Amino acid sequence: MFRSITITLSLFFAAASTASAHFVFVVPDKGNQNAKVIMSESLQPDAHVPIETIAGTKLTSTDATGHDTALKLNKADHAYTIDLTANQTGVIHGIAELGIYQHGDSKPSLLTYYPKTILGDPFNTKTRVGNQVPIELVPIGQTGKLKFQLLVGAKPVPDAEVDVIRPDGTDQKVSTDKDGNTSAFEAPGRYGAWARHVEATAGEQSGKHYDEVRQYATLVIDVPVSTAAASYAPMPQAASSFGAVACDGWLYVYGGHTANTHSYSTDSVSGQFHRLNLTDHQTWEELPGGPPLQGLNLVTWHGKIYRVGGMSPHNKADQPADVRSVADCACFDPATKTWTALPSLPDPRSSHDLVVVGDKLIVVGGWQLTGDVDDARWLDTAVILDLSADHPQWKSVKQPFERRAFIAASYQDKVYVLGGFETESEPTRRVGIYDPATNTWTTGPELPGTDQNGFGPAACTLDGKLYVSVADGTLYRLDQAGKNWDKVATTTPRIVHRLIPNGAQLLLIGGAAKQKQFNLIEAVTVANASGSTEPALKQR
């Protein structure tokens, strides 16, 4: 049990006009690296309440293994802050005893708050504090069917009132049913909630009499967007490091690595080419393929599909690896189902990526393999092909890095280069931004999490927003200011996969994890049918 601290009453009564309807919340930042401890009616600090009112708050962090760590409060403007571990999961919980309060002719009451915040999965039963506190709010159910259960003495409380702050910032008062549960909430996002329990127990504290004890439970949680894994037919073959693009109602998939990780031979790489009907999600059609390739991607321009470079093994499975990058480029016309050769790259390259900005096909990063991976030449130029030209020719531009196994995406008429491996073969979470209009490079916010999240991410844009899927299974969206990555959903962990927009959904396709290739297509709904970029829960 936490040790109670009595706050100096003069501070509390100085704020009585506002504090009477205010509650102690622990509010994490977007990256869960620190949190604010506030006293407010909302999940934002209230400048009208002296923050010293809650100076005696005691908080503990309990991680996923059950280990407890006492947290230190640091004074800030209108709040206290606490430091957390990056990507921490678990629960923060504690106590703030504010002393005796009396307003007008009301009974003098002893006020005690029990704040709780869940980091990570809000529906993890290990985040319940249980008998450690007399009153607690617990999220139950699932995304789209979120309910809050009120427990007093670890038992459900029926016919009680719970106040809920919804993700859009509005408040809603709801009552609990016979099982202590509120009605369900559908929207994903950040929720705050509080509930009160009053005991008609008289007593004294510091020489002051009180007639009742008022106990408040508060809760802050982040509810992820729903995912649906079973609504799309799986890929015709499990693969990673393949090419994929959506065009005119079809998902096109080319080639890829189809054997166990780090096994390279003519039997481990595919040249198959298929497309999936994105209307029924079930019908795959085989198309004319090409050379077996991995370490490539596809783009679309004016209804045609473009393939650039890649790596092709030349050895059998029982022979030493002989892996070579190619300079071949080709265009597929869905109307005639034929491939047409394009001008070859200035240098063979693989483990690169490509995007289209306007009429420009832009290829960034990668390396050149000529047999032995240890002899690879890392490329320090991007190349650009004007697809609208009568006689397109590649043009080279300098890039300020040498990188492979990253992902690139076109966003706001710029090329975002996300993560990857650098020449020393260490993953990086760095983000480079190329502006083809000015031929300049700048840096963007690093990908969240550990450096491993920079290895083989997937990215795309949807409704004018940039999304990235990283190795630990987290889906992020770049915020409006382009400064931070906001968590959108938790999906199946994987690398060297693809992220494809489809209407109101993002499709996470293929990839690899734990030495195995995936044929899984996982759908995440992130936009309303009207095109709004607010997350929606309807899923196929």
Report the trypsin sites (Lys or Arg not before Pro) located in segment 321-362 that are in a DSSP loop and have at most 16 other Cβ atoms inside 10 Å of their Cβ, or state none. Lys337
Using the Karplus equation 6.51 cos²θ - 1.76 cosθ + 1.60 (θ = phi - 60°), what ³J(HN,Hα) coupling, rounded to whole Hz, does each residue of segment 134-150 give in order, writing x for Gly and Pro? x, 9, 8, 9, 10, x, 9, x, 7, 4, x, 9, 6, 10, 10, 9, 9
Links that overshoot a 19 Å alpha carbon limit, given the list Lys126/Lys173; Lys147/Lys173; Lys72/Lys116; Lys116/Lys147; Lys36/Lys72: Lys126/Lys173
Global geometry of segment 227-525, whether rounded, prolate or oblate, following the gyration tensor of its Cα atoms and the 1.5 cut on a/c: rounded
Where in segment 380-440 are there GluC sites (Glu not before Pro) that are in a DSSP coil and have at most 15 other Cβ atoms within 10 angstrom of their Cβ? Glu424
For Lys398, counting only lysines whose alpha-carbon sits under 22 Å away and dropping same-chain residues fewer than eight positions off, the answer is Lys360, Lys414
Within segment 415-518, report the trypsin sites (Lys or Arg not before Pro) that DSSP leaves as loop and that have at most 10 other Cβ atoms within 10 Å. Lys483, Lys514
Phi-based couplings in Hz for segment 414-429 (Karplus 6.51, -1.76, 1.60; Gly and Pro marked x): 10, 9, 9, 9, 10, x, x, 9, 9, 4, 7, 6, 10, x, 10, 9
If amide hydrogens are placed 1.01 Å from N in the peptide plane, which non-local residues have theirs closer than 5 Å to the one on Leu466? Leu478
Taking H as built 1.01 Å from N, whose amide H comes closer than 5 Å to the amide H of Thr89, not counting residues under 5 places away? Ala64
Treat the chain as a sphere of radius equal to its Kirkwood radius over Cα pairs and apply Stokes-Einstein at 4 °C in a medium of 1.567 mPa s; give the translational diffusion coefficient in µm²/s, rounded to a whole number. 50 µm²/s
Under a cut-off of 16 Å between alpha-carbon atoms, report the lysines in cross-link reach of Lys208, not counting same-chain residues fewer than 8 places apart. Lys107
In order over segment 457-473: 3J(HN,Hα) from phi, Karplus 6.51/-1.76/1.60, θ = phi - 60°, whole Hz, x for each Gly or Pro, gives x, 10, 8, 6, 10, 8, 6, x, 10, 9, 10, 9, 10, 10, 4, 7, x
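Read-outs: derived from the displayed coordinates by stated rules, not from any lab. None of these values were measured; they are calculated from a predicted model. Because the Cβ atoms are built from the backbone with ideal geometry, glycine has one as well, and the counts that use them run over all protein chains shown.
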